[in-house]
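Written out below as structure tokens is the structure these notes cover.
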């Protein structure tokens with residue numbers, strides 16, 4: 001398969017998911033919509049990654065309009081699609097759901113539970129029924145009216161599916177250690193906890209989290225296969 005990773009900047013690329021795609025023998029194309037514009041067609045599956053931008057900032061980031069159009073086209077056309085963090089938010093917005101600022105910034109590991117529907121989902125269902133997920137977001141999504149919620153935390157929805165082949169998640173299953181530390185160090189003044197505490201937790205929990213991330217990516221690729 002040819003898999004598109006739609007990026008929003010150099011610090012939020014496919015990372016661990018790129019390894020999984022290539023290990024399974026697929027071709028990965030990383031495309032930065034911010035600098036490269038609308039990507040070409042003819043991809044078998046699409047992953048839309050995170051970023052520092054937000055839904056509602058279209059005046060500052062006019063390419064967001066192009067992304068919404070792309071997402072609606074992929075959903076309508078049945079292209080397998082996985083949106084992560086910002087990608088999950090832009091997918092929700094493109095499908096008519098509200099995306100709003102979170103009551104407080106969400107950083108670090110949070111307990112997430114699958115819904116009954118999520119436990120039976122071909123992608124989210126590979127996760128434990130309850131797991132600790134790495135999050136890093138200031139905005140949250142609501143589930144689209146024609147979607148189904150697959151996972152949630154105490155503070156917000158964490159995953160949903162639209163139709164049979166489009167998924168959005170709020171957490172970050174694709175990350176690497178140094179990538180996350182770079183995010184936190186860049187925003188250290190606004191972190192809700194001391195950086196050293198977050199770094200200690202990251203060291204303790206990342207290996208298990210990356211195992212979950214690999215399974216999630218593998219499940220997405222499996223359902224994307226022609």
>> Between residue 182 and residue 164, what is 0.36 nm times their sequence separation minus the Cα-Cα distance? Round to one decimal in nm.
In response: 3.0 nm
> In the set (1) 1.39; (2) 0.93; (3) 1.06, which value of Rg/Rh (Cα atoms, Kirkwood Rh) was calculated from the structure you see?
Replying inline: (2)
>> Taking the beta-carbon count within 10 Å as an exposure proxy, list 189, 121, 197 from fewest neighbours to most.
In response: 189, 197, 121
> Label points 7 Å out from Cα along the Cβ direction at residue 65 and residue 225: separation in nm?
Replying inline: 4.1 nm
> How do 35, 152 rank when sorted from fewest to most other Cβ atoms within 10 Å of their own Cβ?
Replying inline: 35, 152
> What is the antiparallel percent of DSSP beta bridges lying wholly in the chain, to the nearest 5?
Replying inline: 55 percent
> With the chain treated as a Gaussian network of Cα nodes joined by springs under 10 Å, which of 141, 171, 131 yields the largest mean-square fluctuation?
Replying inline: 131
> Viscosity 0.890 mPa s, temperature 25 °C: Stokes-Einstein D of region 121-226 from its Kirkwood Cα radius, in µm² per second?
Replying inline: 163 µm²/s
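Laboratory data are not the source of any read-out in this text; all were calculated from the coordinates shown. Because the structure is a prediction, the values reported are computed rather than measured. Neighbour counts are summed over all protein chains in view; Cβ atoms, including those assigned to glycine, are modelled from backbone coordinates with ideal geometry.
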